[in-house]
Amino acid sequence: MNAIQEWTQALYNLSDQAFLSIMRNYLGPIKTPFHKPDLISRLIRLISGEQIKERMISLIDEQDRLILNAVALLDRPSIDDVYHFFAKDIEFYIIQQSIINLEERLLIFQKEDDSLHINPLLIEELKPEILHIRHLIDLQVAEQEELQPDSQYLFEQPFHIALLSLFASGKIRINSDGSLRKTSVRTVGDVFPFLSEDTIPPYMQLLIGGLSRMGILERSHGTIITNDSMILQQENVSWKEYLITCIAQCLRDIFPMSRLSHICGFLQELFEVTAHIRAMGSTDFHRLWNIIASHHQIPLNETSEPFYMLRILGILYHQENRYSINPLAGSLGVPAAQDHRDEHRHVIIDSDFTITCDAGLELSASRFLYAAAKVITTDTHYQFELTKRSCIHAFDLSITLEQLIELLEQLSQTRLPHNILQTVTQWRQEYESLQIYSGIVIVANEHRRRIIEKHPSLQEHIIKTLAAGVFLFNASTERLWREVLISSGIEVLPKTRGGSPEKAPRSAVIHLDIGESQPFLISCIKEPFSSGQPSDQTDSSTFLQDLQQELDQKHFPRPEYEDLSARIDKKLILTHDQLITTYLHPSAAEAKGFDYQGKLNLCRQALASRHDLLEVHIRAFPDQEDVLLIRPEKLLKEGNNHILIGTTLPEHQEFSKSLRKIFLLRKLKSSLYSPLS
Amino acid sequence: MENQSYDRPLIIQSDKTLLLEVHSPSFNEARNDIIAFAELVKSPEHIHTFSVTPISLWNAASAGVDAQEIIRRLLVWSKYDLPETVSFYIDDIISRFGAIELHPVEDDTDQFYLEVKDPKITQEILHRAPLMEMLTPRRDGYYLHAYDRGNVKLQLIKLGYPVDDRIPLHVGDPMPFSLRETSVSGYPFVIRDYQKEAKDAVLGDLGPGTGYGTIVLPCGSGKTVVGISVMQALQTHTLILTTNVAAVHQWINELIDKTSLTRDDIGEYSGDKKIIRPVTVCTYQILTWRKDKNSDFLHFSIFKDYNWGLVLYDEVHTLPAPVFKVTAEIQSMYRVGLTATLVREDNREDEVFSLVGPKRYDIPWRELEQKGWIAEAHCYEIRIPLDESLDLDYAIGSKRDKFRISSENPLKKPVIKQLMLNHPDDYILIIGQYLTQLKELAKELDLPLITGSTPNKRRDELFTAFRDGKQKILVVSKVANFAIDLPDASVAIQISGTFGSRQEEAQRLGRILRPKEQGSYFYSLVTRYTVEEEFASNRQKFLTEQGYKYHIEIWD
């Protein structure tokens, strides 16, 4: 179904009353019985005319433009989405009324899934004077010199190596409530001096949470440690994937219902879009955030909590009430310009066991480094130290001496100092002086021994040959090698004696599914933009005044006059030909005072519809009247009284009131497309 | 953002640490620029680390290097942009130098005038009760009594404000003497260029603001000669403070050997003797001796009872805390501190700065090494297996026992013998911690042994014999930690024990860093797979930080 078909289908789906109301307004008197397709065709012909289009567009004011852009830019927004989008700066009631008005003016329509859309017959005419992201958000491209990041560490790969090294040391301890212990705060401060004492707890809490969700960190008896097997197996993970996933996982708590891939996609797009944009005001930034969020199935955000988290991480800046994203996020941490002397090696390993590296060190090339070296400090350059303990840690992760030396030699700009080689070798020899294995010992007679030694499918399961006929097998693959033994003709296989085998380690794959970012918003920004007022206000004001003057001269009966006058105000009248008496006698939408039954009917009607709201007037004091907007949820009967239960808007607080205590009740449509009420 | 130049070898960290790449073509030039305002922390093979501290900045300021110049030099050599925090820090700290000056009061030698140029500092001083007890406010400053001079300077530096002392120094009783062209021992005696520069740096034009300070020279580079040179320039009664009796005797010997001073001109003030002469050499220990914790320091009067014109603090980095008190009171004298390092284990560098004086001269040991003034040192660690018969004792022993067993490993003896054979013509010190081990070794190798209980006379005899070449190998206990001057020692073999503090480590090596045709050797014997290795690894790290070449060998 193409867009125009979708629009016409939406018209078909209007209640008869609403449908006729629209048709009579634009086409004049409608004879019954009427033929909907015919009427729709006539309507299409009407609004396809150039003059009518121009008129419709000329009557769009600033507020209309805001709503229209929200509808166009949000991804299939519902009415509630538009409410939430403008929640901070436009009153709920005004949004609600504006949406209905725009529907009546055929500028927007609602599909069966309740999503709002721009009338496809008018989209091209609406761009770019009406429909452009810059009518909604003040986006300005920043000059290069404005794009200096204040904080770059999160986007530098050595920072993450340093972070993992710190956790691998086992020195980061947390309290039972998950907060960092004071000594650990100091330890973090020593290693990351760019973090102030106040910033460390929330910063580390975010990172610990994020990395734990990635499976990279674990908690063990109050200490945060690395899941080394998980880290070392991530050979094919790109830096971009790693970083985006890390940030996404840090923010996970504020998106509990969203998939990780959606959060990653959202962040990618947010970073790319804002990479070259000047700082924005709070409203603009909220809007941009929500537009992007809507395209990644992230709930629209009304709070500052995610901003707070991003500020803590050094991704979002907030100064003088203006927001900007760290420009490094836009490039996702592309390394700084390299030292011209050396394009590939960023590390100096000195004879005092100090390893100094610049920001260009890549995580993928130096994965072992976090395990083999202890982080000392992070600054303009990062410094690590090779210690006995850190090298032993590397050996524990099955990194061989040769691999370790190879890594160091590959990374180092200079020849490895001789004493380093000798000392690390010494440490390895000491490490190997005692070997501890875990597995299942098989003791085989001469015949079975030959089978085991020669069978190719068994070799991968043998950890070590302890002696002639004595083999140490891998406990986690017991099922597999037992099958091989059976298939090799060893029909009688005894049960394993002694302790139970180890559980198989959990899956060591980080699920990174960030996908490709959607170019939607970037292309929107790049479209030609025409600033200025949405319409020639003078011309449209004059037109409306002319209409009113003509109406005044027609001397219609009062109800018809008031109805037409209201329609002029609502900009539903596009031509002088529409000034005819097509009074629709709308059903009462208001009940007050002693009209208990009227109030009851209105409550029932509102409950029956999906979106209708109730405007409730309550007299708290003799001369004070409270007016509340309620989304009705239930009507409870208590004796001969009814209690209206619902939620106030936009506060979302519980409401419960006896109908007898309600002074005036008004039913408000939240959409033209609500079912018949 | 990185500066687009390949020969900028300096990396400036935001914590005021400077990393300097050794292999850069600009290394020497950059180092010479930054050494004026930064302290060398460590100097291994590839990257030297410096630290910018308040003391280092004030030392620079006192030498006429201002903040603008410091920042200019950093920018010239820095690979990256200068962190704002660093430039702000430099500006702030340097600005404090000269903000407070101490001036004499006309016609009143008992009072001085403390000029405070910054009202904010004045406000801060007003809120410090201990300071205000010593100060009487006047317009733009304060008056203070002469005897409070040192304490006021001390209090202010602890607040973070150095005092530029502009008061002319007191001239002591004259003591004319000259330097010999040929020493008594028959060698030509020439003051080396850097020694003259050091002397000139501290004395300056003898005007206000000069005549006091600290000279930093590596071990073995002739600090004693610098001290003598200062004495000769001032020609005044001199009190020399040093670390122990052996050092006292060394000073006395040097003075007699190289100057026209006679034995009668020089007094010894120590545990053994209490002789005051125009030139008196004294130990720190005797000064800080008292009967008990609550008694006075009986020997402090040596400072005030005589009209000294110059005080020399040898190894000033070891200046005992009680001596600071007296040092505070004798601010009127010319005073020079001599040391191989300004870094103190107790972090009281600021007190040395304010009471003895700022660093006036410093030269990297590598430069002296390259010029041949000190020897190149090679450090070896020889790892020896533990005697099998001790395996079980070691395994079940306490930590203390483990250390002793590994230190006294009998399998070290053949190694020592082999090393002695490898260095037949060298002067060798065999150094250890455990007397039993040393005694056994000395007996087995038929070598003289010097311990703490060796009488001073016997000790001096052995040192003289060593110096004269009559006895080329000595076995010594920890006493060798203290200042001994053995010009011809070229090999040290440590068989057990730690060296103690890092400064003592450097000092010990300094004993063998005398100029020689071939390099000096330092051997450390360590039992493999024992707790001794832990100390060995700390030592290795320290020595490589100092830039020594370090080799590890396994003795199978």
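The values are calculated or read from the model by the stated rules, or taken from the named source; none is laboratory data. Note that the structure is predicted; figures quoted are calculated from it, not measured. Glycine also receives a Cβ, built like all others from the backbone with ideal geometry; neighbour counts cover every protein chain displayed. These accessible areas exclude ligands, DNA and RNA; they are computed on the full protein's heavy atoms, side chains included. Shrake-Rupley method; radii C 1.70, N 1.55, O 1.52, S 1.80 Å.
Take each residue of peptide A:384-391, count the partner chain Cβ atoms within 10 Å of its Cβ, and average: the result is 1. Amide H contacts for B:THR259 (H built 1.01 Å from N in the peptide plane; partners 5 or more residues away or on another chain; cut-off under 5 Å): B:ARG180. Once the Cα-Cα distance is subtracted from the 0.36 nm per residue extended length, the A:ASP595 to A:THR400 segment shows a gain of 61.4 nm.
To the nearest Å, what is the center-to-center distance of the range B:146-179 and the range B:372-440, using C-alpha atoms only? About 47 Å separates the Cα centre of the range B:146-179 from the one of the range B:372-440. Peptide B:18-30 shows a mean partner chain C-beta count of 2 within 10 Å per residue C-beta.
Among the listed pairs B:LYS413/B:LYS472; A:LYS599/A:LYS669; A:LYS571/A:LYS657; B:LYS42/B:LYS79; A:LYS127/A:LYS570; B:LYS196/B:LYS371, those whose Cα-Cα separation exceeds 27 Å are A:LYS571/A:LYS657. With all protein chains in place and ligands, DNA and RNA left out, the 1.4 Å accessible area ranks B:TYR269, A:TYR437, A:TYR382 as A:TYR437, B:TYR269, A:TYR382, largest first. I need the calculated FRET efficiency for the pair B:THR288 and B:GLN235, taking r as the beta carbon distance and R₀ as 25 Å, to the nearest 0.05. Approximately 0.25, to the nearest 0.05. For GluC sites (Glu not before Pro), the sites in the range A:614-671 that DSSP calls loop and that have at most 14 other Cβ atoms within 10 Å are A:GLU651.
With the whole protein complex present, A:PHE368 retains an accessible surface near 50 Å², based on a 1.4 Å probe. Taking 7 Å steps out from each Cα toward its Cβ at A:ILE225 and A:ASP75 produces label points 4.1 nm apart.
Exposure check, 1.4 Å probe, all protein chains in place: A:MET56 carries approximately 10 Å² of accessible surface. Quick check: pseudo-label points 7 Å beyond the Cα along Cα→Cβ at A:ARG322 and A:TYR308, how many nm apart are they? Computed distance between label sites A:ARG322 and A:TYR308 equals 2.5 nm. The slack in the chain from A:ARG181 to A:LEU466, taken as 0.36 nm per residue of separation less the alpha-carbon distance, amounts to 98.1 nm.
Per residue of A:416-424, other chain Cβ atoms within 10 Å of the residue Cβ number 5 on average. Judged by the mean number of other Cβ atoms found within 10 Å, the most tightly packed of the peptides A:556-567, A:255-266 leads the ranking A:255-266, A:556-567. Remark: relative contact order (chain A) = 16 percent; criterion is Cα-Cα distance under 8 angstrom and separation of 6 or more residues.
Model label points for B:LEU126 and B:SER260, set 7 angstrom from Cα along the Cα-to-Cβ axis, are 5.8 nm apart. Highest mean packing first, where packing is the average number of other Cβ atoms within 10 Å per residue, the peptides B:291-304, A:3-16, B:191-204 line up as B:191-204, A:3-16, B:291-304. Counting only alpha carbon atoms, the long axis of helix B:67-77 and the longest principal axis of chain B meet at about 40°. Here the peptides A:442-448, A:209-215 are ranked by packing, the mean other Cβ count within 10 Å, and the order with the highest first is A:209-215, A:442-448. Enter the Cα centre distance for the pair the range A:53-72 and the range A:213-257, rounded to the nearest angstrom. Using only Cα atoms, the two centres lie 46 Å from each other.
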